[in-house]
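Read through the structure below, which is laid out as structure tokens, and then see the notes.
The values are calculated or read from the model by the stated rules, or taken from the named source; none is laboratory data. Keep in mind the model is a prediction, meaning the values are calculated, not measured. Cβ atoms come from the backbone with ideal geometry, glycine included; neighbour counts cover every protein chain shown.
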Amino acid sequence: MKREQTIASLGTLVQLRSLDVDRLQADLASQEATRVRYQNNLARLSELATSSGATGALPPALALNCGAYKQNVMAMADLHRTDLALHEANMAVAQRKLSDAWTKRELLGKVLEQQESALSKEQDRIVRKREDDIATQSWMAGRAV
């Protein structure tokens, strides 16, 4: 009975670890979508900066305005690059957490399989012993007659 309780507890732990792995995978997928958005925004900002044209051919007031625009777009792109780098560092940490959680789940799964196998062997041994006892009693009863 104790081994069955252990197996039930291990089964619950494996399920909890699986839920944790699923949660971490969903979180990582969300972070990947955010990373892609950052990269797309950086591409758009770069395109905005280059598509505004050359400032040298414009009248002085427009050249100044266009220069300030490009400078602000490039500053925003730099901020996005910094945010992206921090986000990618967070993703690396999340990936390590996912890997650790997956490893723990797999190890518990293997322990659970071993316990189930040991219980099955023990139950088979009990059944064989019972059958042997019945066969011995039948043989003894047949000899007594």
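Pairs are defined by a Cβ separation below 7 Å, a sequence spacing of at least 6 or placement on different chains, a first member in the stretch 1-27 that is more than 16 Å from MET91 (Cα to Cα), and a second member that is part of a helix (DSSP H, G or I) and β-branched (Val, Ile, Thr); the pairs so defined are LEU10/VAL111. Based on this model, can you work out whether VAL127 counts as without any contact (Cβ under 8 Å) to a residue 60 or more places away in the chain, assigned to a helix (DSSP H, G or I) and either closer than 29 Å to GLU32 by Cβ or aliphatic (A, V, I, L, M) (or both)? For VAL127, the condition - without any contact (Cβ under 8 Å) to a residue 60 or more places away in the chain, assigned to a helix (DSSP H, G or I) and either closer than 29 Å to GLU32 by Cβ or aliphatic (A, V, I, L, M) (or both) - is met. For GLN5, the test of being surrounded by fewer than 12 Cβ atoms within 10 Å (Cβ to Cβ) and not small (Gly, Ala, Ser) is passed. Among the residues of the stretch 82-99, those identified as surrounded by 12 or more Cβ atoms within 10 Å (Cβ to Cβ) and either farther than 30 Å from ARG44 by Cα or more than 10 Å from the chain's Cα centre (by Cα) (or both) are ASP83, LEU84, HIS87, GLU88, ASN90, MET91, LYS97, LEU98, SER99. Test ALA94 against the criterion of being modelled with pLDDT of 95 or more, in a helix (DSSP H, G or I), touching a Leu at 6+ places or on another chain (Cβ under 7 Å) and under 29 Å from LYS2 (Cβ atoms), and give yes or no. No, not satisfied. If the condition is being of a type outside the set (Gly, Ala, Ser) and under 13 Å from the mean Cα position of the chain (by Cα), then the stretch 17-57 contributes ARG17, LEU19, ASP20, VAL21, ASP22, ARG23, LEU24, GLN25, ASP27, LEU28, GLN31, GLU32.
Just so you know, in the stretch 100-124 the residues that are free of Cβ contacts under 8 Å to residues at least 60 places away in the same chain and farther than 27 Å from ASP20 by Cα include one that is surrounded by the most Cβ atoms within 10 Å (Cβ to Cβ), and it is GLN123. Do we have any residue at all in the stretch 64-76 that's surrounded by 12 or more Cβ atoms within 10 Å (Cβ to Cβ), basic (Lys, Arg) and out of contact with any Ser or Thr (no Cβ under 9 Å at 6 or more places or on another chain)? Checking the stretch 64-76: not a single residue is surrounded by 12 or more Cβ atoms within 10 Å (Cβ to Cβ), basic (Lys, Arg) and out of contact with any Ser or Thr (no Cβ under 9 Å at 6 or more places or on another chain). Here ALA118 passes the criteria (1) under 30 Å from LEU13 (Cβ atoms); (2) at pLDDT 95 or above; (3) among the hydrophobic types (A, V, I, L, M, F, W, C) except the one numbered (2). Test LEU58 against the criterion of being surrounded by 13 or more Cβ atoms within 10 Å (Cβ to Cβ), in a loop (DSSP other than H, G, I, E, B) and out of contact with any Gly (no Cβ under 8 Å at 6 or more places or on another chain), and give yes or no. Yes. For the stretch 13-53, filtered to residues that are of a type in the set (Ser, Thr, Tyr), surrounded by 12 or more Cβ atoms within 10 Å (Cβ to Cβ) and part of a helix (DSSP H, G or I), the residue that is modelled with the lowest pLDDT is SER46.
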